[in-house]
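So the structure is just underneath, and the comments pick up after that.
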Amino acid sequence: MPKTVDREEQRRQIGAALLQLVAERGLDEVSVRTVAAATGRSPGAVQKYFRTKDEMLTFAAELAGERVERRMAEVDTALPVRQALRDLILTTLPVDTERRAEATAQLAFAVHAAHHPRLAAIRVQVDRDIRQALAGWLESAGHATHAQAVADAVIAFSDGLALRMLYTPQQHEHLLTVLDHALDTLIPGHGTVPHLRE
């Protein structure tokens, strides 16, 4: 009997290997050949799922964004606003091995996206989805007047914080203190809000 191949699962395995490769060796080292080697496949086997490097990069960028959104959806947004917002930001920061790999890949994708419209479009959509979810959640918490501005500030701040944590891992504790001070400025009050996602 022929073996059944889950095409989507195979694509996800290749995408995950690409993210790890970017994190360990940089985007310049990514090719069909190097990703194939990382997954124990031949280049021809990888090309059954992705014809080009750009196709692999596009899928991996979507996969990285999906992972972040999934972690954000798992945050208990019934906590006091400031605590929930802190937990949401932590889902994007390189505070463990997995998130460090993802943050490194996301930074590489962001730089690459400056010259690749398809990759830029994916990043813009992920930012838009997160901004919309954050703003809606903040509005429900009574921050309707400045919800969009706070959402934009949170995204920009978490991106910058992630970057600094990548190249100064020895300053993680200090940078988390910086995060707390910033949150005290953005969300001085406390309270509870409905869930971000049902």
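The values are calculated or read from the model by the stated rules, or taken from the named source; none is laboratory data. Quick caveat, the model's predicted, so the values are computed rather than measured. Here the Cβ is made from the backbone with ideal geometry for all residues, glycine too, and neighbour counts use every protein chain on show. Side chains included, ligands, DNA and RNA excluded: accessible areas come from the protein's heavy atoms. Shrake-Rupley method; radii C 1.70, N 1.55, O 1.52, S 1.80 Å.
Could you work out what % of the accessible surface of the chain is carbon and sulfur, using a 1.4 angstrom probe and leaving DNA, RNA and ligands out of the count?
Carbon and sulfur together cover 53 percent of it.
Which value, in debye to the nearest 20, gives the size of the charge dipole of the chain about its Cα centre, when Lys and Arg are +1 and Asp and Glu are -1 at the Cβ?
With only Lys, Arg, Asp and Glu charged at Cβ, the dipole is about 760 debye.
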Taking Cα atoms only, helix 7-25 is inclined relative to the longest principal axis of the chain by an angle, in degrees rounded to 10, of 70
Ignoring everything except DSSP H segments at least 4 long, calculate the 222 nm mean residue ellipticity for the chain; use -39,500 (n - 2.57) per segment, divide by total residues, nearest 500.
-23000 deg cm²/dmol
Which whole-number percent gives the relative contact order of the chain, counting Cα pairs below 8 Å spaced six or more residues apart?
25
In Å², what does the accessible area per residue of the chain work out to with a 1.4 Å probe?
54
Selected from Gln171, Ala133, Ala16, residue furthest toward positive end of dipole (the chain; charges at beta carbon)
Ala16
What list of ³J(HN,Hα) values in whole Hz, one per residue of segment 160-175 in order, does the Karplus curve 6.51 cos²θ - 1.76 cosθ + 1.60 (θ = phi - 60°) give from phi, with Gly and Pro shown as x?
x, 5, 4, 4, 5, 5, 5, 9, 9, x, 6, 9, 3, 4, 4, 5
With no solvent and one point on each alpha carbon, what is the Debye value of log10 I(q)/I(0) for the chain at q = 0.15, 0.16 Å⁻¹?
-0.93, -1.02
Using a 10 Å cut-off on Cβ atoms, rank the peptides 125-131, 81-87, 102-108 from the highest mean neighbour count down.
102-108, 81-87, 125-131
For segment 5-24 and segment 112-157, write down the distance between their C-alpha centroids in whole Å.
26
Running a GNM on the chain with Cα contacts under 10 Å, which residue among Thr58, Thr177, Thr91 ends up with the highest mean-square fluctuation?
Thr177
